[in-house]
1. All but one of (1) at pLDDT 85 or above; (2) under 30 Å from residue 390 (Cα atoms) hold for residue 132; which doesn't?
2. Residue by residue through region 232-241, note down the ones that are polar (S, T, N, Q) and either on the phi > 0 side of the Ramachandran plot or surrounded by 15 or more Cβ atoms within 10 Å (Cβ to Cβ) (or both).
3. Do we have any residue at all in region 372-387 that's part of a helix (DSSP H, G or I), modelled with pLDDT of 85 or more and loosely packed, with under 14 Cβ neighbours inside 10 Å?
4. Quick check on region 197-231: of everything there that is assigned to a helix (DSSP H, G or I) and touching an Asp or Glu at 6+ places or on another chain (Cβ under 9 Å), which residue is least open to solvent (accessible area, probe 1.4 Å)?
5. Against the conditions (1) assigned to a loop (DSSP other than H, G, I, E, B); (2) crowded, with 22+ Cβ neighbours inside 10 Å, where does residue 86 fall short? Just the number, please.
6. Is it fair to say residue 428 is modelled with pLDDT under 85 and closer than 29 Å to residue 376 by Cα?
7. Please state which one of 7, 58, 11, 43 is within 19 Å of residue 244 (Cα to Cα) and aromatic (Phe, Trp, Tyr).
8. Of everything in region 388-405 that's assigned to a loop (DSSP other than H, G, I, E, B), open to solvent by 30 Å² or more (accessible area, probe 1.4 Å) and without any contact (Cβ under 8 Å) to a residue 60 or more places away in the chain, which residue is nearest to residue 328 (Cα to Cα)?
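The values are calculated or read from the model by the stated rules, or taken from the named source; none is laboratory data. Computed from a prediction, not measured in an experiment: that's the story for all the values here. Ideal geometry is used to build each Cβ from the backbone, glycine not excepted, and the neighbour counts take in all protein chains shown. Each accessible area value is taken on the protein alone, full model and side chains, heavy atoms only, with ligands, DNA and RNA left out. Shrake-Rupley method; radii C 1.70, N 1.55, O 1.52, S 1.80 Å.
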Amino acid sequence: MFDSDEFISIFLSEANEIVEGLENDLVLLEDNKSDEDLLNKIFRSAHTLKSSAGTVGFTTMSELNHVAENLLEKVRSGKLDVTPKMITVLLEFLDTVKLMLQNIIDGKGEAEGVDNIESLKAKIKAIADGNEDIETVTSPQPKKETPKAEESKKSAKEEVKSEGTEKSGGSNVFHVDMSFKATIFDNGIDPLMFLNDLKAIGTIKNLKIDYSNVPAISTLEDPYTCYTQFALDLETNSTIEQVQNIFLFVIDDNDINISDAKDGAQEVKSSPQPEVAETKKEETQAEAPKETKQEEAKTEQPKPQAPKSASAKVQAPSTVRVDTRKLDSLMNLIGELVIAQSRIMQLTQSLDIDNGLKEAVSSMDRTSRQIQEEVMNIRMMPVGPIFNQFHRYVRDLNLELNKEVKLVLKGETTEIDKNMLEQLSDPLKHIIRNSMDHGIEKTKEERI
C-alpha cells in the first residue's frame, strides 16, 4: 500500500541535507568561481531537489527550484559569471526553501506564510537575464490560493504541467525516445517530471505513449513497476546539450535517445545493450566509411572520463538512514547486555567450574564489549558538517558589519557524539559573532 507520509519523510531528510550542502557550496563558489567540479555539484544538487519536490507533489517548491536551476545552468555553460549579488540571491532562495520545508514538517501548506516566492523568482530571472539591478525588478503579486485549490494542486502531480516557461516553438527540433527501466520508481523518479521539464523549455508535439506492456488490473502484482515508454518531438530554442541535461541522473541506467529531427543525425545518449550498438556501428562502416570515422571521433571524446566515473562509484560509501531514536534504544540495550555479561564473568571467576566454560564466557565478554564500542562509533559524526555552515554565517556577518573576514577550518574530520555535536552550533555561532563584532577592527588600516 502506498504510504505518502513515508515518502515525504524520506524527502524531508534528503532535502535538508541537500540544502545544507548547497548553502556551504554556494559560499565556497564565491571564492572559487572557476571551480567547475564545485559548480557541477551545485547544479546536480539543485536538480535533485527540484525533481524530488516534484515527485512527492510539492510543485511550488519544484517550480522555484526550476528557476534557480536555469540560472545555474547559464553559469555552468559560461554565459554568466558568478557575482556576489548572484550568490546573495541564491542564498535567499535557499532560505525560502528552508521555510517551505519547515512548513511541511509542521503539517502546513508548503507556501503558507512564505510571501516572497514570486518576487524571488523575478530576482533570479533578472540575474539570469544579465540584470543585476534586482532592486528595480518588479514582480507579480502572488495569487492567494484557497485550501481547495492547494489540495487540487498537490493531487495533480500525475498530470503534465501546463504552466512554466513554455515556448511557442523554437529554432531546433529534437526527437526524444524515453525508455525507462521497470524499477525507476524505486529511486524516487517519476518519468512524468521529464515531460514537465521538456515542456518548460519548448513545445512538445507528436507525443506517443506506449502502454502496451501494462498488464490488466486483475493481474497487476507490483504497482511500483514502470511499464510506460514515451516518444515525442520537441520544438525549442535550447541546444541538444541543454536537453540532455534534463536526463542527467537517468541517462546512464535507462535508454534515452535524443536526435536532431531536422537533419536526422541521431545522438544516442544511453544504450543498455552495447553489443547492439557495436553491430549498428559495423553496419554503418560498411555503408559510409568516411562519415563513420568522423562520428567515431565524436563518440570517443568522452571516453577518458569513464574510468573517473567508475572510480567514483567504487569509492562511494554505502550508507543507510537510521532514526537516532533507534540508535539510542540499541545503545541502552547494549549497555544492559554489558552489565549482565560482567555479572556472569564475576560469577564464573568465583566458582570452581570447567576452564572451557570460563573461556567461552570470557570470549562472550570481549564480543559484547566490541559490540558496545561499534554502536558508540555509529553515533560518532565528523564536526565538518556543523562547522561548514559557519561559512554562510561569516559571509552574512561580513555584509552586516562591513568587514572582510575569511573563515578557515581545520580538523573537520574529528568525530564526536551526535548529541554533543547538535549542541555545539549555537555556542560556536555566539563565539564567532563576538569575535567578528568586538575582536576585529572595521578597516584593514585600523587593524594594522
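1. In the conditions (1) at pLDDT 85 or above; (2) under 30 Å from residue 390 (Cα atoms), residue 132 misses (1) alone.
2. As a first pass, look at region 232-241 and keep what is polar (S, T, N, Q): 236-239.
Hits for region 232-241 are 236, 238.
3. First, pick out the residues of region 372-387 that are part of a helix (DSSP H, G or I): 372-378, 384-387.
Restricting the remaining residues to those that are modelled with pLDDT of 85 or more gives none.
The answer is no; no qualifying residue exists.
4. 200
5. The failed condition is (1).
6. Details: modelled with pLDDT under 85: no; closer than 29 Å to residue 376 by Cα: yes.
So residue 428 fails the test.
7. Values: 7 fails: within 19 Å of residue 244 (Cα to Cα); 58 fails: within 19 Å of residue 244 (Cα to Cα); 11 fails: within 19 Å of residue 244 (Cα to Cα).
Being within 19 Å of residue 244 (Cα to Cα) and aromatic (Phe, Trp, Tyr) holds for just one of 7, 58, 11, 43, which is 43.
8. So in region 388-405, the residues assigned to a loop (DSSP other than H, G, I, E, B) come out as 389, 402-405.
Right, trim to open to solvent by 30 Å² or more (accessible area, probe 1.4 Å) and you get 389, 402, 404-405.
Filter once more, so that each one left must be without any contact (Cβ under 8 Å) to a residue 60 or more places away in the chain: 402, 404-405.
Numbers: 402: 45, 404: 43, 405: 40 Å.
Ranking the qualifying residues of region 388-405, first place goes to 405.
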